[in-house]
1. Could you please state how large a percent of the accessible area of the chain is carbon and sulfur, counting protein chains only and using a 1.4 Å probe?
2. Tell me the Rg and the Dmax, in Å, that the Cα atoms of the stretch 52-109 produce.
3. Per residue, how much accessible area does the chain have with a 1.4 Å probe, in Å²?
4. Could you tally up the Lys pairs in the stretch 50-123 with alpha carbons closer than 20 Å? Skip any pair fewer than 8 positions apart unless they're on separate chains.
5. Strictly greater than 22 Å: what percent of every Cα pair in the stretch 4-84 meets that?
6. Using 0.36 nm per residue of separation minus the Cα-Cα distance, give me the extension gain between GLN30 and ILE143 in nm, one decimal.
7. Rounded to the nearest 500, what is the chain's calculated 222 nm mean residue ellipticity when only DSSP H runs of at least 4 contribute -39500 (n - 2.57) each, over all residues?
8. Could you work out Rg/(2.2 N^0.38 Å) for the chain, with Rg from alpha carbons only?
Amino acid sequence: TNPQHFFYLLQQEQETVKAKEKSLNMIMPQLLQTQINAKVKPRITVFEGKKGLITVLEDVLKTGKTNLVFSTTIPYMLHDYLEGFHRRRIRSKITDKIILNKKEMKRAKKLARMHYTKTKVIGSGFESPITLNIYGDKVGMLILSEEPIAVLIEDKNVHEAFTHYFEIVWRMAEAVKP
């Protein structure tokens, strides 16, 4: 056998390796995405106090996506903050779709007059000290108790489930005219 034949075999092996490398490079993005999806767990953050509530609302503005809101309790502790929040939200063209308790009709009409705001009400039996903000891939729960707490869940599946729930209630709710 000619010793040059070893170079020929080595060259063939290199071409085979290059073909395998090319194939691997083609599927690598899919493999990496599969790995990322398998490792993603919901991220849950708890904030305390009025500042914690504001942190979640500021995140709504930062995210810049439509905000679906269940709000049955007037957040008195945030009254001063909310005026500025809505001004900045409207300036950023972020839509709020808000479901309120029918007892809050005056507040609902005031909100309905704002740009980028759609408001509906549901029966007065719907009362809760928790306001939900569903936006981006997040759900923010503002617990409006004596010592307020905000819980922020960052998870696409949780977001989709709450969005679905919101849309069901939205369809049943009564539109508010300004």
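1. 57
2. Just the Cα atoms of the stretch 52-109 yield Rg and Dmax of 11.4, 31 Å.
3. 66
4. The result is 28.
5. 60
6. Between GLN30 and ILE143, full extension yields 36.7 nm more.
7. Calculated mean residue ellipticity at 222 nm is -17000 deg cm²/dmol.
8. Taking the Cα Rg and dividing by 2.2 N^0.38 Å, one obtains 1.65.
The values are calculated or read from the model by the stated rules, or taken from the named source; none is laboratory data. Since the model is a prediction, treat every value here as computed from it, not as a measurement. Cβ atoms come from the backbone with ideal geometry, glycine included; neighbour counts cover every protein chain shown. These area figures cover heavy atoms from the full protein model, side chains too; ligands, DNA and RNA do not enter into them. Shrake-Rupley method; radii C 1.70, N 1.55, O 1.52, S 1.80 Å.
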